[in-house]
Amino acid sequence: MTDDTDDRVTDMAIPTLEDMQHWTGVLGRAQQMMLEYGARQMQQAQAAGAEKLAAPNPLPAMFPGLPSMAFDPEKLAQAQSDFWEDSLKLWARFLNPGDGDAEGEDEAPRRPDRRFSAPQWQDNPIFDMIRQSYLVIADHMLRSVDAIDGADPKQKEQIRFATQQFVDAMSPSNFALTNPQVLEKAIETKGQSFLKGLEHMLADLDKGQLTHTDPDAFTLGENIATTPGKVIKETPLYQLIQYEPTTKTVFETPLIIFPPWINRFYILDLNEKKSFIRWAVAQGITVFVVSWKSADESMVDVTQDDYVVRGQVDAIDTVRELLDVESVNAIGYCVAGTTLAMTLAYLKAQGEADKVESATFFTAQVDFTEAGDLQLFIDDMQTKLIEQLGEGEGYLDGRYMAATFNLLRGRDLIWNYVVNNYLMGEEYPAFDLLHWNGDTTNLPAKWHKHYLQDFYRDNKLAQPGGLSVDGTPIDLGTVKTPSYVQAGREDHIAPPESVWKITDHFKGPLKFVLAGSGHIAGVVNPPDAKKYQYWTNKKRVDTLEDFIAGAKETPGSWWPDWLKWLEGHSGEKIAAKGARKPGKGKLKALEDAPGSYVRSR
C-alpha cells in the first residue's frame, strides 16, 4: 500500500464534523420514516377502536398465497415503544459516548455477527452508527412479526422467514458505500476490486447461478470422485457403480448406496480423506452406488414409482443376482432415504422384505409434520410456479432447487459471496464441498410436483395406505427391517425432530444416532478428521427430547459406530474375487467410475 493510499484510508477512518452531521441526518431520517409509519398504523388502530388493523400482505413475491394480515394493536404499540426506546439509547451513545458508558447504556450484548466482525465497523463512528442502527431496525422488524394477529402458525412463519430474508438482504455490509471494508479495498486496489467483482457478477448472470468456488479447480475422476470402480449397468434412470475391493476378504452381504437425485452422488466421495465410499470399501464392504440421471426431456413421465420400482428395487435385484446373495444392506440419503422407506414398505407388501437385510437412513424424513423451513415454500401458488417452470421440457432446472436451498441459509450462501466476490472482488476458493453444492441436477417436473404435494403438503407417506407404488398400497407401520437412523443436530433441511419421526412408524429393531453439525457435515465426517460428536441412547424413548436427555455423547465421527452395527447384518467374510471385482461377473464394465451420468447437465 502506498503512502497516498494510507492517507486516504486514515482520512476515511476519522470523519469530519460535516461528514458526521450529514450521515447523522441520513440515519435520523431513516429512523424517523419508520417511526412515522408506526405512528400512522397506531392512529388507524385507535380510529378503528377495538377492531383489528388490516395490513396488506408485504410478501407477495416470495409467498403469494398469504392473505392480508392484521396487527394486534396492543402488541404493535409495545413494539413501537420498544423501538423508540432503543433508538433513543442508540442516539445517546452516539452523541455522548462518555455519558453512555457512565450510565451503563453501552451497546446491548448480541450474538457474534460475522458480517460486522472487522474492526472498521466499530472503530469508525459513522460505520459504527450504520451498523448499530441496522441491527436495531432489523431486530424490531423481526420482533414485529409477533404483533401479527389472525394468521395461522404456518403463515406467521412464512412472514418471519421472508422478513429475515429482507433484513439480511438490506444489511449495510451488502452495499459498497456502507461497507468500510469494501471502500478500503477499492482505495487500496485503485478500483480494480470493483472491476473484478463486476466481472464475477456478470459471469454469474450469464450462467444464472451464484458461484461459490473456483469453477476450474475440480475435475471429476481426477481430484474429486476418485475412488476406483466401474459402471456395470446403465438404465434410462440410473447408472450402477461397483467399487474395486481393497481388502483380500469382504463381508458376504454387499452394501448399496442410494444418494439423493436432487444432488450428485459424489458428496460421499469428495476426496480420499473425506470419502465415505472409499472408507467403507476399506472396511471390507462390497460397495455399490446408484448415480442418478439428471432429468431431461426423456424423463417427462417419471414419477415416484419409477424411483422405487425401476430405481431402487431394480438396483437391489441387480446386485443380488450379480453376487448370488439373498439380501443387501442399503443406505438412503435425504430424499433417497424417504424413497428407501417406501421401497421397504413396498417389498413388505409384495412379500419380498427379506431382499433388504438392513437399512440405513442419512438425514431422511418419512413424516413431514415438522419438516422445517422447506415447508414454508409449499403451497398451491408454489406448486403452480413449479408447473410453469417445468412446462414444455418436462423437467425442473436444478438451479431452482439450488436457489431454494441457498435461501435457507441466505446469509452464509448468498450474501457472504455477494460481499466477498462481487463487492470485494475476491477470487473464488477451491473448495470441494462448495463445488459439489453448485453442481446442480435437473428434476423430473411431474415427480417434483407430486413429491411436494404428497409428502410436504399432505403428508401421505405417514398415513397407512396413503400412497401406492405401482398400484400397491404401502404402510410404513409394516416395516420390520433393522434400521440405523442418523440425524444432524443442526440440520436445516431435514430437522432432527422430523427425522426422529421414523421411530414412530417402523416396527423393527432401530438405532437412532444424533450427529453433530448439519445436513452435509453431519454425514460427511470421517473418523480421521476428529471433528464434531454424536449421541446415542440405549433406552427406548418416545421423544427426541427424552433421547437427548438420556443420551451419551461420543467425540468424533459416528461412522465406526455404524460399522459395528452393520457388521451384525453383513454375514461372514469371503474372498474378494470373481463378481466381487467390478466387471468380473455377469455384468461387464461399461466405463470407469464416476461414470457419465454424473457429468450430464
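The values are calculated or read from the model by the stated rules, or taken from the named source; none is laboratory data. Everything numeric here is computed off the predicted structure, so don't read it as measured data. Backbone-built Cβ (ideal geometry, glycine too); neighbour counts: all protein chains shown. When the accessible area is computed, the model is the full protein with side chains, heavy atoms only, and any ligands, DNA or RNA have been set aside. Shrake-Rupley method; radii C 1.70, N 1.55, O 1.52, S 1.80 Å.
Take residue 176 and tell me if it is open to solvent by 20 Å² or more (accessible area, probe 1.4 Å), touching a residue at least 40 places away in the same chain (Cβ under 8 Å) and within 30 Å of residue 289 (Cα to Cα). It would help to see each step written out before you state the result.
Values: open to solvent by 20 Å² or more (accessible area, probe 1.4 Å): yes; touching a residue at least 40 places away in the same chain (Cβ under 8 Å): yes; within 30 Å of residue 289 (Cα to Cα): no.
When the stated conditions are applied, residue 176 does not pass them.
Got at least one residue in the range 377-395 being outside any helix (DSSP H, G or I), modelled with pLDDT under 95 and among the small types (Gly, Ala, Ser)? Outline the logic, then answer.
Within the range 377-395, the subset outside any helix (DSSP H, G or I) is 378-379, 391-395.
Adding the requirement that they be modelled with pLDDT under 95 leaves 378-379, 391-395.
Restricting the remaining residues to those that are among the small types (Gly, Ala, Ser) gives 392, 394.
Yes, the range 377-395 contains at least one residue that is outside any helix (DSSP H, G or I), modelled with pLDDT under 95 and among the small types (Gly, Ala, Ser).
Being of a type outside the set (Lys, Arg), open to solvent by 10 Å² or more (accessible area, probe 1.4 Å) and more than 16 Å from residue 333 (Cα to Cα) is true for just one of 227, 235. Which residue is that? Full working, then the answer.
Values: 227 fails: open to solvent by 10 Å² or more (accessible area, probe 1.4 Å).
Of 227, 235, the one residue that is of a type outside the set (Lys, Arg), open to solvent by 10 Å² or more (accessible area, probe 1.4 Å) and more than 16 Å from residue 333 (Cα to Cα) is 235.
For residue 157, are the conditions met, namely being at pLDDT below 85 and open to solvent by 20 Å² or more (accessible area, probe 1.4 Å)? Step through it out loud before you land on a result.
Working: at pLDDT below 85: yes; open to solvent by 20 Å² or more (accessible area, probe 1.4 Å): yes.
Yes.
Restricted to the range 288-340, and to residues that are more than 27 Å from the chain's Cα centre (by Cα) and without any contact (Cβ under 8 Å) to a residue 60 or more places away in the chain, which residue is least open to solvent (accessible area, probe 1.4 Å)?
If we take residues in the range 288-340 being more than 27 Å from the chain's Cα centre (by Cα) and without any contact (Cβ under 8 Å) to a residue 60 or more places away in the chain, then 313 is least open to solvent (accessible area, probe 1.4 Å).
Okay, residues lined up against (1) touching a residue at least 40 places away in the same chain (Cβ under 8 Å); (2) closer than 21 Å to residue 526 by Cβ; (3) out of contact with any helix residue (DSSP H, G or I) (no Cβ under 9 Å at 6 or more places or on another chain); (4) in a helix (DSSP H, G or I):
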| residue | (1), (2), (3), (4) |
| --- | --- |
| 250 | yes, yes, no, no |
| 260 | yes, yes, no, no |
| 263 | yes, yes, no, no |
| 266 | yes, yes, no, yes |
| 284 | yes, yes, yes, no |
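Based on what the data block shows, is residue 514 over 26 Å from residue 323 (Cα atoms) and crowded, with 19+ Cβ neighbours inside 10 Å?
yes
Please list, ordered by residue number, the strands (runs of 3 or more DSSP E) wholly in the range 430-527 having 2 or more residues that are closer than 15 Å to residue 338 by Cα. Can you show your working first?
Details: elements: 467-469, 472-474, 483-488, 510-515.
By residue number, 467-469, 483-488.
Within the range 209-216, does at least one residue satisfy the condition of being crowded, with 16+ Cβ neighbours inside 10 Å and touching a Gly at 6+ places or on another chain (Cβ under 6 Å)?
So in the range 209-216, the residues crowded, with 16+ Cβ neighbours inside 10 Å come out as 209-213.
This time we only want the ones that are touching a Gly at 6+ places or on another chain (Cβ under 6 Å), so: 212.
Checked against the condition, which is being crowded, with 16+ Cβ neighbours inside 10 Å and touching a Gly at 6+ places or on another chain (Cβ under 6 Å), the range 209-216 yields at least one hit.
Look at residue 339 and say whether it is of a type in the set (Val, Ile, Thr) and either at pLDDT below 95 or in a helix (DSSP H, G or I) (or both). Lay out the reasoning, then the answer.
On the way: of a type in the set (Val, Ile, Thr): yes; either at pLDDT below 95 or in a helix (DSSP H, G or I) (or both): yes.
Answer is yes for this residue.
Would you check if there is a residue in the range 540-550 being open to solvent by 30 Å² or more (accessible area, probe 1.4 Å), part of a helix (DSSP H, G or I) and aliphatic (A, V, I, L, M)?
First, the residues of the range 540-550 that are open to solvent by 30 Å² or more (accessible area, probe 1.4 Å): 540-543, 545-546, 548-550.
Keeping just the survivors that are part of a helix (DSSP H, G or I) gives 545-546, 548-549.
In the following step, the residues that additionally are aliphatic (A, V, I, L, M) were identified as 548-549.
Checking the range 540-550: at least one residue is open to solvent by 30 Å² or more (accessible area, probe 1.4 Å), part of a helix (DSSP H, G or I) and aliphatic (A, V, I, L, M).
Looking at 432, 439, which one is touching a Lys or Arg at 6+ places or on another chain (Cβ under 6 Å), among the acidic types (Asp, Glu) and under 22 Å from residue 268 (Cβ atoms)? Don't jump to the end; show me each part of the working.
Values: 432 fails: touching a Lys or Arg at 6+ places or on another chain (Cβ under 6 Å).
Sole residue among the options that is touching a Lys or Arg at 6+ places or on another chain (Cβ under 6 Å), among the acidic types (Asp, Glu) and under 22 Å from residue 268 (Cβ atoms): 439.
Yes/no per residue for (1) more than 30 Å from residue 434 (Cβ to Cβ); (2) touching a Pro at 6+ places or on another chain (Cβ under 9 Å); (3) open to solvent by less than 40 Å² (accessible area, probe 1.4 Å); (4) of a type in the set (Phe, Trp, Tyr):
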site: 492; (1), (2), (3), (4): no, no, no, no
site: 501; (1), (2), (3), (4): yes, no, yes, no
site: 510; (1), (2), (3), (4): yes, yes, no, no
site: 553; (1), (2), (3), (4): no, no, no, no
site: 573; (1), (2), (3), (4): yes, no, no, no
site: 580; (1), (2), (3), (4): yes, yes, yes, no
site: 587; (1), (2), (3), (4): yes, no, no, no
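Does residue 570 count as free of Cβ contacts under 8 Å to residues at least 40 places away in the same chain, part of a loop (DSSP other than H, G, I, E, B) and not basic (Lys, Arg)?
no
Given the criterion surrounded by fewer than 19 Cβ atoms within 10 Å (Cβ to Cβ), at pLDDT 85 or above and among the acidic types (Asp, Glu), identify the matching residue among 106, 149, 123.
Numbers: 106 fails: at pLDDT 85 or above; 149 fails: at pLDDT 85 or above.
The unique qualifying residue is 123.
Name the residue that is surrounded by the most Cβ atoms within 10 Å (Cβ to Cβ), counting only residues in the range 412-461 that are of a type in the set (Ser, Thr, Tyr) and touching a His at 6+ places or on another chain (Cβ under 9 Å).
422
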